[in-house]
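S.K.: Dropping the structure in here first, questions after.
The values are calculated or read from the model by the stated rules, or taken from the named source; none is laboratory data. Owing to the predicted nature of the structure, the values given are computational and were not obtained by experimental measurement. When we count neighbours, we look across all protein chains shown, and the Cβ atoms used for this are built from the backbone with ideal geometry, even at glycine. Surface accessibility is based on the protein's heavy atoms, side chains included, excluding ligands, DNA and RNA. Shrake-Rupley method; radii C 1.70, N 1.55, O 1.52, S 1.80 Å.
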Amino acid sequence: MSKHRIEVSARRPLAIWRYCDGLRGHENQTAGLTEALARRIPIACTDVRVQGRFGATSGEPETGGPDLVIGAGHRTHRALLKAKARTSARAVLLMRPSGATSRFDLCVIPQHDRPDEQLEAHRPAVLCTRGVLNRVTPSSSERSGATVVAIGGPSRHHDWLGAELLAQLTEIAARASDAAPLTVTNSRRTPVETWSAIESAQLPHTQLVEWARQPAGWLVEQMATASTVWVTEDSVSMVYEALSSGAGVGLLAIPRRRVSRVLHGVTALIADGSVTLFQMWQQGASITAPRTPLAEADRVARWIVERWLNVR
């Protein structure tokens, strides 16, 4: 890397422009990285809105320049590269780019998005992660004993059987209690019919929470203190959030449409015991918390601090 190292101190925090495309999943990734950096060094973060097909921006400061520009989502590509050229900031992209990785200073790419990983592994501008980055960190307080269930919906990788999902929830709720309650939440992909059926079932010791009525970060907080988190297999991002929370993670069965890179990643998690399948739990397997929760946002933040910054 030919660029000089960036000087950072309490008087001179790291200036970050975070490019936001309005999609909660993408913005959770960039927030996860900026929050991980803030746990290590002083930062000053400005959110820049990105809109439209060609990545028009609003909210870029008129004075001063950033040290880092960070984005996730295809809409942010052009905005990041324009800011990099105009300000000489280092550009960090949290996904596999549509073009060459070398256009950016760092590309953070999940393993399941890297079919030619071996060709790129030697490049210092690429970091490979287990899943996408997220904002979840384990709580420092004692876990509540509660169980959280996060429900996704049909996708290009999965079909959907609402009745089968409800049967799994019914069995999980049967083991809940006042001391170990169940919180079930949906997502934007959850079919209305499925959620209505869950509401009608009146599961014992269970609270149902509409995701759209909660503030950003609500699910992160719930996962951080829960003892167990169940996630439907289709919700890959939430699976990795759960693995970052420090809770034991269970996987609810959802029919697969086809084999894909994303599903290979899930299969690897099952094989190494990171998650417990519902069928295994039915047969008596326990869901145990990991010895070391995933902390991929912290790993990327540490790489940036060690490689690019002089911190005083």
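S.K.: Among the residues of the range 199-214, are any in a loop (DSSP other than H, G, I, E, B), at pLDDT below 95 and either charged (D, E, K, R) or under 23 Å from residue 133 (Cβ atoms) (or both)?
M.R.: Within the range 199-214, the subset in a loop (DSSP other than H, G, I, E, B) is 202-205, 210, 214.
Okay, now just the ones that are also at pLDDT below 95, so 214.
If we keep only those that are either charged (D, E, K, R) or under 23 Å from residue 133 (Cβ atoms) (or both) too, we end up with 214.
Yes, the range 199-214 contains a residue that is in a loop (DSSP other than H, G, I, E, B), at pLDDT below 95 and either charged (D, E, K, R) or under 23 Å from residue 133 (Cβ atoms) (or both).
S.K.: Among what's in the range 234-266 and is part of a strand (DSSP E or B) and touching a helix residue (DSSP H, G or I) at 6+ places or on another chain (Cβ under 7 Å), pick the residue that is surrounded by the most Cβ atoms within 10 Å (Cβ to Cβ).
M.R.: The initial filter retains those residues of the range 234-266 that are part of a strand (DSSP E or B), namely 248-252, 256.
With the extra rule that they be touching a helix residue (DSSP H, G or I) at 6+ places or on another chain (Cβ under 7 Å), the set shrinks to 249-252, 256.
On the way: 249: 27, 250: 22, 251: 24, 252: 22, 256: 14.
Checking each candidate, the answer is 249.
S.K.: Which of (1) under 29 Å from residue 110 (Cβ atoms); (2) open to solvent by 40 Å² or more (accessible area, probe 1.4 Å); (3) at pLDDT 85 or above does residue 143 not meet, given it meets every other one?
M.R.: Unmet for residue 143, out of (1) under 29 Å from residue 110 (Cβ atoms); (2) open to solvent by 40 Å² or more (accessible area, probe 1.4 Å); (3) at pLDDT 85 or above: (3).
S.K.: Hey, among the residues in the range 180-233 that are acidic (Asp, Glu) and touching a helix residue (DSSP H, G or I) at 6+ places or on another chain (Cβ under 9 Å), which one's most open to solvent (accessible area, probe 1.4 Å)?
M.R.: Among those residues, the one meeting the criterion is 193.
S.K.: Also, quick follow-up: Just to be sure I understand the filter: pairs with C-beta atoms under 9 Å, separated by 6 or more residues or on different chains, first member in the range 291-302 and among the acidic types (Asp, Glu), second member surrounded by fewer than 19 Cβ atoms within 10 Å (Cβ to Cβ) and assigned to a loop (DSSP other than H, G, I, E, B). Which pairs pass?
M.R.: 296/130; 298/39; 298/40
S.K.: Also, quick follow-up: Given the conditions (1) under 17 Å from residue 144 (Cβ atoms); (2) touching a strand residue (DSSP E or B) at 6+ places or on another chain (Cβ under 8 Å), report the number of the one that residue 232 does not fulfil.
M.R.: The single condition residue 232 does not satisfy is (1).
S.K.: For the range 21-33, state whether one or more residues are under 30 Å from residue 242 (Cα atoms), open to solvent by 40 Å² or more (accessible area, probe 1.4 Å) and either assigned to a loop (DSSP other than H, G, I, E, B) or modelled with pLDDT of 95 or more (or both).
M.R.: Checked against the condition, which is being under 30 Å from residue 242 (Cα atoms), open to solvent by 40 Å² or more (accessible area, probe 1.4 Å) and either assigned to a loop (DSSP other than H, G, I, E, B) or modelled with pLDDT of 95 or more (or both), the range 21-33 yields at least one hit.
S.K.: Within the range 61-75, does at least one residue satisfy the condition of being open to solvent by 50 Å² or more (accessible area, probe 1.4 Å) and either at positive phi or in contact with a Pro (Cβ under 8 Å, 6 or more places away or on another chain) (or both)?
M.R.: Checked the range 61-75: at least one residue is open to solvent by 50 Å² or more (accessible area, probe 1.4 Å) and either at positive phi or in contact with a Pro (Cβ under 8 Å, 6 or more places away or on another chain) (or both).
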